[in-house]
Amino acid sequence: MAENWVYKKDEGTAVAQISLNDLITALTVALDLAGGSDRKHSLRTAYVATRLASIMPIPKLEVDNIYYAALLHDLIPAQSYFNQELIFDIIASLSLNSQVAGRVAELWKYKRNNQVKASLGQLSFSARIIYLAEYFENLYCNGEKDAYLVRRPINFWIRSAVAGVDNRIAEAFNDCVREEAFWQDLRENRINRAVRQVAPDWRQQLNVDDIEKMSRSFSLLIDRKNPYTGEHSQRVGAIAGHCARLYGLDTVMVRKISIAGYMHDLGKLSVPEAILNKPGSLSELEMQVIKAHPYNSYAVLSEVEGFADIARWAGNHHERMDGSGYPWGKRDLTILDQIIAVADIYEALTSNRPYRQALSADDALNLIKNQVIKGEIMADAYGLLEAAIVHGGGLKEQGYYGDKDWLRPVYSYTQAK
Ligand SMILES: [Fe+2]
Ligand SMILES: [Fe+2]
Ligand SMILES: [Fe+2]
């Protein structure tokens, strides 16, 4: 099951054969969903920007930076209340260098201030390439639906607009668009393979620390989308990891469960904020949108090779033992699925929501116990949750996560008792 994930006893470390590129591209698909698009906008932008950069006399390292910055250019919506430091923090946690963060921040700032139609000349050469690649992608997708018909207006755009901004980039565009293969690579069913071919070092592997760090920082993005769920995913990851440890799982499994906890609501990026933050009750249609989110978490995560378990646990967090859950209505759930589910329910109940105040730890546990009695939740998963919350389970002493601040929410739960 988990040969991609190995605990090296002699070194005391857990390693995973997960490709950095694989993980980042999957996450950008989630970002595109957040932008309301399932058209692989970020992937296509990265492909175009990298092709342009490779034609020009740009050092290989900078071409790689352009690739990653183009992939992540929509990491944070320009209208959002995020700040530049956050962009740097998140990108640093993705095992990418600060140049990549610099480019993304530059584009983010440019778009943010662009009400006055600032000149593209203000951007660095690399950022300009990414900006124009993104512009190209929008023309390609929003223009004529026919891939052949779209070529003429794009050629016109290159000759007029791009050439007016930067002749070198216009020439690189011309080199690309003359090639039939370039247009074929852009097609929906070919773009993934095409991106792999231009991506830097596709096989760069990650260790488990890196993956955990990446998923934690992504959980920050997921949580920030909804002011009422400030630290939800981060806490679910911490609580679920703790339950897994109490269950006696080995380090590798515990960390995989935590990662599934951090990412369980990844699919929520695709739910419009108006629905997420709606104070009143939801319409049937809105409910359907909400119910798609665990499926989207599953779909995005299962694209990462070596993430099959994590994708399943994350995707099953709203499933219930009696088949009343969603999105599949499964009944054959494992205790690992249910660990994420109880961590999720507990965290949600003990947080303030637009429609109700946070419950106390006792009240939340009692409500979940009722769900066990009704046959919705697995008794053993509840038992682990109760042990984790009420008794603390030696969480502090074990110092598993090392980073104490990170666990503060869980400490405060246990201390509130
Ligand atoms: Fe974009
Ligand atoms: Fe959820
Ligand atoms: Fe959740």
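In table form, for the structure just shown:
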{"read-out": "Members of region 77-104 that are modelled with pLDDT of 75 or more, within 18 Å of the chain's Cα centre (by Cα) and not hydroxyl-bearing (Ser, Thr, Tyr)", "value": "88, 89, 90, 91, 92, 94, 96, 100, 101, 104"}
{"read-out": "Residue in region 21-33 that is within 16 Å of ligand 3 (Cβ to nearest atom) and in a helix (DSSP H, G or I) present", "value": "yes"}
{"read-out": "Any hit, region 247-266, residues being of a type in the set (Lys, Arg), at pLDDT 90 or above and over 20 Å from residue 325 (Cα atoms)", "value": "yes"}
{"read-out": "Qualifying residue in region 236-248 (condition: hydrophobic (A, V, I, L, M, F, W, C), closer than 23 Å to residue 356 by Cα and in contact (Cβ under 8 Å) with a residue 60 or more places away in the chain)", "value": "yes"}
{"read-out": "Residue match in region 278-293 (condition: within 14 Å of ligand 3 (Cβ to nearest atom), in a helix (DSSP H, G or I) and not hydrophobic (A, V, I, L, M, F, W, C))", "value": "yes"}
{"read-out": "Residue in region 226-238 that is surrounded by 22 or more Cβ atoms within 10 Å (Cβ to Cβ) and within 16 Å of ligand 1 (Cβ to nearest atom) present", "value": "no"}
{"read-out": "Residue in region 373-383 that is in the same structural domain as residue 311 (by TED's automatic domain parsing), of a type outside the set (Asp, Glu), surrounded by fewer than 17 Cβ atoms within 10 Å (Cβ to Cβ) and within 14 Å of ligand 2 (Cβ to nearest atom) present", "value": "no"}
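The values are calculated or read from the model by the stated rules, or taken from the named source; none is laboratory data. Fair warning: this is a prediction, and the values are worked out from it, not measured in the lab. Ideal geometry is used to build each Cβ from the backbone, glycine not excepted, and the neighbour counts take in all protein chains shown.
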